[in-house]
Amino acid sequence: MELFKLLLVPSLLCGVSAFILGFLWYHPKIMGEKWRCARREEAAERRKSYSTLPFSLNFLLWIIAGFFYSFIAMTFEVRDFNDLIALSCLLWVGFAMPPVVMGAFYIGAPFKAAAIDSGYQLAGYYLFAVVYYGSIAII
C-alpha cells in the first residue's frame with residue numbers, strides 16, 4: 001500500500017499534464033489543422049461526431065500510462081533527469097510508436113497523420129520525465 005501512495009501523486013500529475021498537452025498539441029494553430037488535413041477530415045464532419053467519450057478515455061489512458069511510467073521509474077530507481085528522458089524514449093520506441101503507426105497504416109491514414117499522433121505520444125512521455133523528476137524532488 002505504501003508503494004501505491006508513493007506512486008499516486010506522480011502518476012496523476014503525469015497523466016493530467018499529458019492530457020492537457022493534447023489540447024495544446026491538437027489546437028488548430030499548432031498541429032490540429034495539419035492533422036485534420038493529413039487525415040482529409042473536414043471540420044464539419046468532426047463536429048458531427050463530437051463526443052466526450054474520446055476525451056474521457058484519453059484522460060483515463062494517460063493516467064494509466066503515468067502510473068506505469070512512475071512504477072517503472074520507481075522500481076528501477078531511475079532518478080536522474082537524463083535517465084528519465086532515456087526511459088521515455090525507450091518506452092515510446094518499444095510500446096507507443098509502433099501501435100500508432102501500425103494502426104494508421106491499417107486504416108489507411110497517411111504517414112503525416114501517424115507522425116503527428118506519434119509525436120504527441122513522444123511529447124507526452126517527455127512530459128512524464130519532466131513531471132516525474134519534479135515530483136520526486138518534492139516528495
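Nothing in this text is a laboratory measurement; each read-out follows from the coordinates by a stated rule. The model shown is predicted, which means the values in this text are computed figures rather than measured ones. Quick reminder, even Gly has a Cβ in these numbers, built from the backbone with ideal geometry, and neighbours come from all protein chains shown.
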Proxy exposure order for 37, 14 (fewest C-beta within 10 Å first) is 37, 14
So how do 118-125, 90-97 stack up, highest first, on mean other-Cβ count within 10 Å?
118-125, 90-97
Highest first, please rank the peptides 5-12, 51-58 by the mean number of other Cβ atoms sitting within 10 Å of their residues.
5-12, 51-58
Choice from 26, 126, 106 with maximal GNM fluctuation in the chain (Cα, 10 Å cutoff)
106
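About its Cα centre, what dipole magnitude does the chain give when the only charges are +1 on Lys and Arg Cβ and -1 on Asp and Glu Cβ, stated in debye to the nearest 20? List each step's numbers first, then the result.
Numbers: 11 positive and 9 negative charges, 118 e Å.
Its charge dipole is roughly 560 debye.
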If each DSSP helix of 4+ residues adds -39,500 (n - 2.57) and the sum is divided by the residues in the chain, what number results at 222 nm, nearest 500 deg cm²/dmol?
-26000 deg cm²/dmol
